[in-house]
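The values are calculated or read from the model by the stated rules, or taken from the named source; none is laboratory data. If you're wondering where the values come from, they're calculated on a predicted model, not measured in any experiment. Methodologically, a virtual Cβ is constructed for each residue, glycine included, from the backbone with ideal geometry; neighbour enumeration extends over all protein chains shown.
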Amino acid sequence: MKNLTLLFLFFFLFTKAKAEEPYISIDGELKQWHKVTLTIPGPLTSEYAKENPFLNYKLEATFTNGNRSYTVPGFFAAEINAAETSAEGGNIWKVRFRPDEPGEWKFKISFRKGKDIVVKENDDFGEPVNSIDGREGTFTIEKSDKTGDDFRAQGRIVNGGKGYFKFQDSEEIWIKNGADSPENFLAFTDFDQTSRFSLKTEVREGEADPKKDLHKYEPHLADWNEGDPTWQNGKGKGIIGALNYLHSAGVNSVYMLTMNILGDGKDVWPYTDHNERYRFDC
């Protein structure tokens with residue numbers, strides 16, 4: 001009877017410990033070249049927390065398939081869908097990956113905490129984040145079902161070795177053609193925490209004018225189609241419509257800046273503020 005009681009106690013403690021492990025969600029279409037997201041419940045924090053989640057936490061996932069191995073950095077995402085909520089805090093962390101081969105992929109998570117750990121090269125620096133660090137899992141990837149001009153149908157664009165780029169899977173040559181203006185394409189009124197702050201009074205031809213409003217892309221509202229992405233009760237139709245228009249014109253690329261704090265526009269940046277460099281807008 002005593003042995004049975006001890007066995008039951010061991011089973012209870014073991015299953016309780018397993019049940020308390022955070023559930024790591026594997027999201028997305030599990031197909032070659034499609035985006036796969038690991039959604040991880042981690043430490044509760046915020047963009048403005050004293051313990052900076054962008055500097056003092058380091059999340060990585062190593063994905064392997066046969067002799068292929070990729071280590072991908074993760075990020076603090078606040079909530080499951082911060083684009084809808086404009087959340088500044090939460091406990092959701094994510095890693096995104098596009099598998100380049102069908103079959104079974106394994107992943108192993110490294111999640112550590114320490115002062116300025118994201119700029120440290122020592123993998124053993126800091127302390128492990130309990131219940132997340134070292135977690136492992138698997139998922140199975142199928143061939144992509146995309147066709148036509150969807151890039152996922154042909155694979156990643158790589159150096160073709162003969163003066164041209166090519167698609168990794170199809171070997172088809174890819175020649176870039178597209179729009180190079182406006183380079184501050186992301187200075188869009190429907191993105192939160194986006195503004196202009198330049199104090200300059202003279203604007204050269206072709207430069208962004210800081211005295212004017214952010215882009216609205218109103219002429220392209222009609223190019224938005226039912227079922228296209230929006231956020232926060234219909235925001236985003238202008239910029240999505242603009243991309244739809246470019247697609248209809250047959251272009252295959254769009255040139256834009258992802259940061260111009262020191263440029264002429266001063267209206268595109270990934271941070272919580274144009275004076276900030278270590279905290280990012282979720």
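Assorted remarks:
- Of all residues in region 21-51, those being modelled with pLDDT of 95 or more and within 28 Å of Asp100 (Cα to Cα) number 19.
- Residue that is at pLDDT below 90 and either closer than 26 Å to Asp149 by Cα or among the basic types (Lys, Arg) (or both), where the choices are Ser253, Ser248, Ser170: Ser170
- Residue within region 267-279 that is surrounded by 18 or more Cβ atoms within 10 Å (Cβ to Cβ), acidic (Asp, Glu) and part of a loop (DSSP other than H, G, I, E, B) present: yes
- Remark: pairs (first residue in region 103-122, of a type in the set (S, T, N, Q); second residue surrounded by 12 or more Cβ atoms within 10 Å (Cβ to Cβ); Cβ separation under 6 Å; 6+ apart in sequence or on different chains) = Ser110/Glu60.
- Ala179 vs. criteria farther than 30 Å from Asn275 by Cβ, of a type in the set (Gly, Ala, Ser) and modelled with pLDDT under 95: yes
- Here Asn177 meets the list (1) among the polar types (S, T, N, Q); (2) within 23 Å of the chain's Cα centre (by Cα); (3) within 30 Å of Lys143 (Cβ to Cβ) almost entirely, failing just condition (2).
- Residues (surrounded by 14 or more Cβ atoms within 10 Å (Cβ to Cβ), of a type outside the set (A, V, I, L, M, F, W, C) and within 20 Å of Pro43 (Cα to Cα)) located in region 129-168: Ser131, Asp133, Arg135
- Filter result (among the β-branched types (Val, Ile, Thr), over 17 Å from Leu257 (Cα atoms) and part of a loop (DSSP other than H, G, I, E, B)) within region 164-202: Ile175, Thr201
- Subset of region 91-105 that is under 20 Å from the mean Cα position of the chain (by Cα) and not aromatic (Phe, Trp, Tyr) - its residue that is farthest from Trp33 (Cα to Cα): Asn91
- One residue alone among Asp124, Asp116 is out of contact with any Ser or Thr (no Cβ under 9 Å at 6 or more places or on another chain), modelled with pLDDT under 95 and surrounded by fewer than 15 Cβ atoms within 10 Å (Cβ to Cβ), and that residue is Asp124.
- Wholly within region 51-104, strands (runs of 3 or more DSSP E) carrying at least 1 residues that are buried (at least 20 other Cβ atoms within 10 Å of the Cβ) and not assigned by TED's automatic domain parsing to the domain that holds Phe191: 57-65, 75-78, 89-97
- Total residues in region 218-255 satisfying the condition of being touching a Pro at 6+ places or on another chain (Cβ under 8 Å) and on the phi < 0 side of the Ramachandran plot: the figure is 1.
- Those residues of region 225-246 which are more than 20 Å from Phe191 (Cα to Cα) and in contact (Cβ under 8 Å) with a residue 60 or more places away in the chain, in sequence order: Leu246
- Asp223 fulfils the conditions (1) within 22 Å of the chain's Cα centre (by Cα); (2) of a type outside the set (Gly, Ala, Ser); (3) surrounded by 11 or more Cβ atoms within 10 Å (Cβ to Cβ) except for a single criterion, (1).
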